[in-house]
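What follows is one structure encoded as structure tokens, with my remarks underneath.
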Amino acid sequence: MRAVALSDDKTIEFLNENLISTWVSNVELKRTDVNKEYFPKRYPDDSVGYDTTLPFTKAIMKGWHQHSPVDCMVISADFEVLGSLPINEFKGSGRSYRKFIQAALSGQNPGLDNNGYASHTIDWNAFFNIAKKVQVSKVNGLNVELNPKHLSQHVLNIFQTPEYGYQDYTIIEIDTTKIKDGGMLTIDIQVGNAEPAGSFDLFGGDSDIPIEGVPTEALASAWDIPKGKTGKIQYRFEEGKRFKLGATGNWFSEKGSVNAFHATITVKEG
């Protein structure tokens, strides 16, 4: 890794901007059987090692590939494995390592099966394709603040498909309070190339986000946008206020399936 992926300045910059990098020893997670001698030296008072019941360690174990000496993983703040790749798959390319991370953040789940576990085959062409379709240079957070000097912002994130009849929103907070006289809020949405279609709802900033049923409280919506396609939400407001954009898989997609979305959020004043 140090001689290939981590020797690339663009990769280092991308990691520092978007991720918290860390590592965990296979020995300490009891993945290998050499720990009988290792643990007493590393932990004189406790030879148990890491607690494998914790959410973070359970996520790591979920992303293990059989017979892989080192697995590179992207794990969300909610301890969901977004991608996992055996180090031998990188084929000496720092670019392929960066593309792997971009694909994981784009919702392509490289190296994982449909249940989120490590798979034995990786379709490089498939997730390179989504990385090209949804341009990933920097992954924004979940808060967007617009003002007269900055009237547009891009957001890249993922959504997940709920059980039929329910909602499982990824929420983007939109703050337009500094645009005193209001205007037209436009959200241009592009859905990634994974299978689930996306549905998007705009709510008022103080709204209780529904978790079940049709979101009749929404101010505006764009539903059932197929993979690789685009949609638009528009809403006129009279004075600066806060909004919430909810992104979720539509009810006709496979429960638990994940896709990426790219949203350009813009206000035209007046």
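How far apart, in nm, are two points set 7 Å out from the Cα along the Cα-to-Cβ line at THR230 and at ILE20?
In this crude label model, THR230 to ILE20 measures out at 3.6 nm.
Can you work out the FRET efficiency for the pair ILE87 and LYS255, with r the C-beta to C-beta distance and R0 = 30 Å, to the nearest 0.05?
0.40
How far is it, in nm, from the label point at GLU145 to the one at VAL214 when both lie 7 Å from their Cα along the line to the Cβ?
Those two pseudo-labels are separated by 3.8 nm.
Listed here are the pairs LYS99/LYS268; LYS180/LYS232; LYS229/LYS268; LYS10/LYS241; LYS232/LYS268; LYS99/LYS227; which of them are more than 26 Å apart at the Cα?
Check vs 26 Å cut-off fails for LYS99/LYS268; LYS10/LYS241.
Could you give each residue of the range 229-235 its phi-based ³J(HN,Hα) in whole Hz, using Karplus coefficients 6.51, -1.76, 1.60 with θ = phi - 60°, and x for Gly or Pro?
Whole-Hz 3J(HN,Hα) from phi for the range 229-235: 9, 10, x, 9, 10, 10, 8.
What residues have an amide H closer than 5 Å to that of GLY228, excluding those fewer than 5 places away on the same chain, when H is modeled at 1.01 Å from N in the peptide plane?
Close amide H contacts, sequence-distant or interchain: VAL191, GLY192, ASN193.
Calculate the spin-label point distance for LYS268 paired with LEU54, positioning each point 7 Å from the Cα along the beta-carbon direction, and give it in nanometres.
5.2
Read-outs: derived from the displayed coordinates by stated rules, not from any lab. Note that the structure is a prediction, hence the values are computed from the model and not measured. Ideal geometry is used to build each Cβ from the backbone, glycine not excepted, and the neighbour counts take in all protein chains shown.
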